[in-house]
Amino acid sequence: MNTITPDRRLAVLDAPSNLGLRQPAPDTVPGCYKAPWALRDTGLLARLGAADAGALVPPRYVATWKEGDGVRNGPAIAAYARALAGRVSTIRADGGFPILLGGDCSILLGPALALRREGRYGVAYLDAHADFRHLGNSPYVVSAAGEDLALVTGRGEDHLTDIDGLRPYVRDEDVIVLGVRDEEDLRDVADSGLAYVPGADIPLAAVEEVLVRDDLDGFWIHVDADVLDPSVLPAVDSPTPGGLDADGLTGLLRGLLALPGAAGLQLTIYNPDLDEDGTQAALLADILVSALT
């Protein structure tokens with residue numbers, strides 16, 4: 001297991017996919033694909049001292065969906081996961097520490113696939129929601145952003161869950177869900193056997209127990225902006241009360257990044273359409289800079 005040191009070479013890659021979300025209203029597309037631009041506009045890369053790894057443009061978003069179609073934009077999400085995995089692998093092969101600016105939560109399939117190709121990795125999943133919907137607990141599946149944790153743990157359609165015959169990309173016992181508080185999601189994750197810590201009081205020792213082990217090569221950090229309380233950051237599609245404040249998220253990320261094996265980080269679901277003056281982008285940038293530098 002590798003230890004991430006303070007001189008790690010940060011590399012920022014834009015992953016502006018909204019393929020995993022439903023339409024917020026007729027004739028519109030989800031606005032979180034704009035998040036990388038809003039975050040970069042805060043001077044994020046210069047403040048981090050990070051290399052610019054560019055952007056991976058996603059396939060076209062298709063809004064039409066009906067029950068029985070499977071995951072919305074499923075083939076496009078699978079294709080994007082393959083491409084994103086390649087970009088993450090290149091960053092890591094060059095000695096970089098990848099920071100992905102999403103986009104929606106379905107971008108997790110890319111780094112999960114990349115790390116699965118390297119060995120056995122876990123996930124620290126910071127989110128108000130478990131994103132664990134699958135046919136075992138729901139009558140149908142719809143949007144991958146609400147299903148990505150189920151998908152990376154092997155629950156779902158083969159073209160998403162078994163790319164290159166590597167299902168599961170992450171084993172159940174190598175996941176810990178942090179900050180979940182949506183009641184339906186709490187039920188789903190409690191029934192799943194996955195480790196989880198609900199709410200805003202998250203002891204780092206619980207994370208270490210799951211993710212710092214001799215049989216793991218490391219772990220990926222997923223940060224959904226809605227892990228923050230909506231009084232702090234409301235510019236997300238599904239704000240849920242009871243979340244972390246800015247200092248709480250900063251401290252948790254610092255702790256995670258200091259653990260042996262931290263392999264990369266992604267930030268998802270921040271929606272600039274709901275942040276007219278850009279103050280919430282500035283807040284998220286401040287959190288990332290404080291945690292990473």
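Okay, residues lined up against (1) farther than 20 Å from S17 by Cα; (2) touching a His at 6+ places or on another chain (Cβ under 8 Å); (3) in a helix (DSSP H, G or I):
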{"residue": "S89", "(1), (2), (3)": "no, no, yes"}
{"residue": "I99", "(1), (2), (3)": "no, no, no"}
{"residue": "L108", "(1), (2), (3)": "no, yes, yes"}
{"residue": "A114", "(1), (2), (3)": "no, no, yes"}
{"residue": "G122", "(1), (2), (3)": "yes, no, no"}
{"residue": "Y125", "(1), (2), (3)": "no, yes, no"}
{"residue": "A130", "(1), (2), (3)": "no, no, no"}
{"residue": "S138", "(1), (2), (3)": "yes, no, no"}
{"residue": "V142", "(1), (2), (3)": "no, no, no"}
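All of (1) open to solvent by less than 10 Å² (accessible area, probe 1.4 Å); (2) more than 27 Å from G31 (Cβ to Cβ); (3) not in a helix (DSSP H, G or I) hold for V207 with one exception: (3).
Only one of the listed residues (D69, D148, D94) is among the acidic types (D, E) and under 17 Å from W220 (Cα atoms). That residue is D148.
Let's see how each residue does on (1) of a type in the set (V, I, T); (2) under 25 Å from G43 (Cα atoms):
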residue: A83; (1), (2): no, no
residue: V88; (1), (2): yes, yes
residue: R92; (1), (2): no, yes
residue: L100; (1), (2): no, yes
residue: D104; (1), (2): no, yes
residue: R117; (1), (2): no, no
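Only a single item in (1) surrounded by fewer than 18 Cβ atoms within 10 Å (Cβ to Cβ); (2) under 24 Å from L186 (Cα atoms); (3) modelled with pLDDT of 95 or more is not met by H159, and it is number (2). Taking only pairs six or more apart or across chains, which ones have beta-carbon atoms under 8 Å, a first residue in segment 223-237 that is closer than 17 Å to Q266 by Cβ and at pLDDT below 95, and a second residue that is of a type in the set (V, I, T) and open to solvent by less than 30 Å² (accessible area, probe 1.4 Å)? Every condition considered, the pairs that remain are D237/I269.
Per-residue answers, yes or no, for (1) open to solvent by 10 Å² or more (accessible area, probe 1.4 Å); (2) part of a loop (DSSP other than H, G, I, E, B):
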residue: S231; (1), (2): yes, yes
residue: P241; (1), (2): yes, yes
residue: G248; (1), (2): yes, no
residue: R254; (1), (2): yes, no
residue: G264; (1), (2): no, no
residue: Y270; (1), (2): no, yes
residue: D273; (1), (2): yes, no
residue: L284; (1), (2): no, no
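Listed here are the residues, each with its yes/no results for (1) more than 16 Å from the chain's Cα centre (by Cα); (2) of a type outside the set (G, A, S); (3) over 26 Å from F97 (Cα atoms).
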{"site": "E184", "(1), (2), (3)": "yes, yes, yes"}
{"site": "G199", "(1), (2), (3)": "yes, no, yes"}
{"site": "P203", "(1), (2), (3)": "yes, yes, no"}
{"site": "A206", "(1), (2), (3)": "yes, no, no"}
{"site": "V232", "(1), (2), (3)": "yes, yes, yes"}
{"site": "S238", "(1), (2), (3)": "no, no, yes"}
{"site": "D247", "(1), (2), (3)": "yes, yes, no"}
{"site": "L259", "(1), (2), (3)": "yes, yes, no"}
{"site": "T268", "(1), (2), (3)": "no, yes, no"}
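When you check T64 against the structure, is it without any contact (Cβ under 8 Å) to a residue 12 or more places away in the chain and at negative phi, yes or no? Considered against the rule, which asks whether it is without any contact (Cβ under 8 Å) to a residue 12 or more places away in the chain and at negative phi, T64 comes out as yes. All conditions but one from (1) farther than 22 Å from D131 by Cα; (2) surrounded by 19 or more Cβ atoms within 10 Å (Cβ to Cβ); (3) not hydrophobic (A, V, I, L, M, F, W, C) apply to Y33; the one that does not is (1).
State yes or no: is D185 modelled with pLDDT under 95, surrounded by 20 or more Cβ atoms within 10 Å (Cβ to Cβ) and of a type outside the set (G, A, S)? Yes: the conditions hold for D185. Kindly check whether there is at least one residue in segment 58-75 that is open to solvent by 20 Å² or more (accessible area, probe 1.4 Å) and within 18 Å of Y169 (Cβ to Cβ). Scanning segment 58-75, I find at least one residue that is open to solvent by 20 Å² or more (accessible area, probe 1.4 Å) and within 18 Å of Y169 (Cβ to Cβ), so the answer is yes.
The residues in segment 9-28 that are buried (at least 19 other Cβ atoms within 10 Å of the Cβ) and not in a strand (DSSP E or B) can be counted, and the count is 6.
With the requirement that a residue be part of a helix (DSSP H, G or I) and in contact (Cβ under 8 Å) with a residue 12 or more places away in the chain, what does segment 42-61 give you? The answer is L44, L45, R47, L48.
The values are calculated or read from the model by the stated rules, or taken from the named source; none is laboratory data. These figures come from a predicted structure and were not determined experimentally. For neighbour counting, all protein chains shown are included, and Cβ atoms are generated from backbone atoms with ideal geometry for every residue, glycine included. The area values use the complete protein model at the heavy-atom level, side chains included, leaving out ligands, DNA and RNA. Shrake-Rupley method; radii C 1.70, N 1.55, O 1.52, S 1.80 Å.
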